Amino acid sequence: MKNGNVAVIGASGYTGQECIKLIQRHRGVSLRYVVGNQSAGQNLNAIRPAFPSLPILPFPEVPWSQVDLALTCLPHGPAEGESMQTVAALRAQGVKVIDLSGDYRLQTPATYQTWYGHAHQHETLLKQAVYGLAEWNRTQIRQADLVANPGCYPTACLLALLPLVRHGLLAESIIIDAKSGMSGAGRSAKIGNLFSEMADNVRPYGAGRSHRHVGEIDLVLGQYGFSSGITCFTPQVVPLHRGMLCNLYLKTRKDLNAQAWQEVFQETYANEPFVKVLPIGQFAEIKSAVETNLCVLSLHPIPDGVLIMSAIDNLTKGAAGQAIQNMNLMLGFDEQEGLL
């Protein structure tokens, strides 16, 4: 098996920790450096005792010539210590990058400005970045030097929507009810994420078409030939640490029965190790996918359409696990290495 030296930037956050955990199980790469902003100067095993003993370094102290690939687990944005500039600095030194923020997903500066509210400062890199939805973009990911890891909601939704788009079945109505565990909000202290605020509660946010992941989903759907976009997307935080369930209510161009919907999805994902289509009558649920890199789908005919339930772990398939899947493609490993 090939060897590769890997760095994780943003080591103390939830996605950074999840990347480190998965890299420890990987037989082909070495975790050479861990990088942090606020955590610099600590030892990695002070964050989790099960982690290896490695110093957490500030970015300038890492000899990047010794790194084959970096996973950037940082907030989006143009400021120092955020993802946009960090990715540009890594690429300037020839390091392959998988970016887990949203900074390189949207392809054009105008689209980025619309959804993120500030200008993108590296237009060339933005255009070069490859969208990292492996089940639909595997060939390009293998050849890429910069991969934009998809967002968690887009991962769950696109894996449900794209088979319909490919078969010309999706009509102009997409209504999505989505629920995510609290780790999707990150590790930084926020009053709304306190236990006493979230216990026994479900909190909607960014409803309608205001969440930036709407722009990401619309963009990818358009690339596959569906230009109408999402009608309504309602994300909600639920009092769970991790996991995500998206219910997609879809009008379709054909009124298919349960067996026909099964055949569409089973044919699409027959050779995909990380997408599981449940048998007729079963329901996808968060427990189906948590602590795995799976997207679990269930299909339910409704009048003039289909209800699709899509469950993932927001920290694994929605972030770190998908990043390791992309790393495997970029570095020439078996795609499942470190993930089973």
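Observations, loosely collected:
Table: residues versus (1) within 15 Å of the chain's Cα centre (by Cα); (2) closer than 18 Å to Ala79 by Cβ; (3) surrounded by 13 or more Cβ atoms within 10 Å (Cβ to Cβ).
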| site | (1), (2), (3) |
| --- | --- |
| Asp99 | yes, yes, yes |
| Asp103 | yes, yes, yes |
| Gln107 | no, no, yes |
| Thr111 | no, no, yes |
| Ala119 | no, yes, no |
| Thr124 | no, no, no |
| Gln128 | no, no, yes |
| Gly132 | yes, no, yes |
| Asn137 | yes, no, yes |
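- Residues that are in contact (Cβ under 8 Å) with a residue 24 or more places away in the chain, out of contact with any helix residue (DSSP H, G or I) (no Cβ under 8 Å at 6 or more places or on another chain) and farther than 28 Å from His300 by Cα, drawn from segment 124-182: Ala129, Ala148
- Just one of the numbered conditions (1) surrounded by fewer than 18 Cβ atoms within 10 Å (Cβ to Cβ); (2) more than 24 Å from Ile175 (Cβ to Cβ); (3) of a type outside the set (Val, Ile, Thr) is not true of Gly281: (2).
- The set of residues in segment 140-183 that are assigned by TED's automatic domain parsing to the domain that holds Cys232, modelled with pLDDT of 95 or more, part of a strand (DSSP E or B) and not hydroxyl-bearing (Ser, Thr, Tyr) comprises Leu170, Ala171, Ile174, Ile175, Ile176, Asp177, Ala178, Lys179.
- Filter pass, Ile308 being among the β-branched types (Val, Ile, Thr), closer than 26 Å to Gly229 by Cα and either in contact with a strand residue (DSSP E or B) (Cβ under 8 Å, 6 or more places away or on another chain) or outside the structural domain of Ile20 (by TED's automatic domain parsing) (or both): yes
- Just so you know, in segment 287-315 the residues that are touching a residue at least 60 places away in the same chain (Cβ under 8 Å) and within 17 Å of the chain's Cα centre (by Cα) include one that is nearest to Asn247 (Cα to Cα), and it is Ser310.
- Residues in segment 238-249 that are buried (at least 16 other Cβ atoms within 10 Å of the Cβ) and under 17 Å from the mean Cα position of the chain (by Cα) were compared, and the one that is nearest to Asp313 (Cα to Cα) is Gly243.
- Boolean, Arg32 is within 21 Å of Leu100 (Cα to Cα), within 24 Å of the chain's Cα centre (by Cα) and surrounded by fewer than 20 Cβ atoms within 10 Å (Cβ to Cβ): yes
- From Ser53, Ser39, Ser65, residue being small (Gly, Ala, Ser), surrounded by 12 or more Cβ atoms within 10 Å (Cβ to Cβ), at negative phi and without any contact (Cβ under 8 Å) to a residue 60 or more places away in the chain: Ser39
- Residue that is at negative phi, of a type in the set (A, V, I, L, M), in a helix (DSSP H, G or I) and buried (at least 21 other Cβ atoms within 10 Å of the Cβ), where the choices are Leu90, Leu74: Leu90
- Among (1) without any contact (Cβ under 8 Å) to a residue 60 or more places away in the chain; (2) touching a strand residue (DSSP E or B) at 6+ places or on another chain (Cβ under 6 Å); (3) surrounded by 15 or more Cβ atoms within 10 Å (Cβ to Cβ), the one test that Thr252 misses: (1)
- The residues of segment 20-29 that are part of a loop (DSSP other than H, G, I, E, B) and either surrounded by 13 or more Cβ atoms within 10 Å (Cβ to Cβ) or among the aliphatic types (A, V, I, L, M) (or both), listed by number, are His26, Gly28.
- Hits in segment 246-291 - residues which are under 25 Å from Gly338 (Cβ atoms) and assigned to a strand (DSSP E or B): Val275, Lys276, Val277
- Count of residues meeting criterion [buried (at least 24 other Cβ atoms within 10 Å of the Cβ) and under 20 Å from Gln24 (Cα atoms)] in segment 294-320: 8
The values are calculated or read from the model by the stated rules, or taken from the named source; none is laboratory data. Just so we're clear, the structure is a prediction, and the values are computed from it rather than from any experiment. Counting neighbours? That spans all protein chains shown, and the Cβs are built from the backbone with ideal geometry, glycine included.
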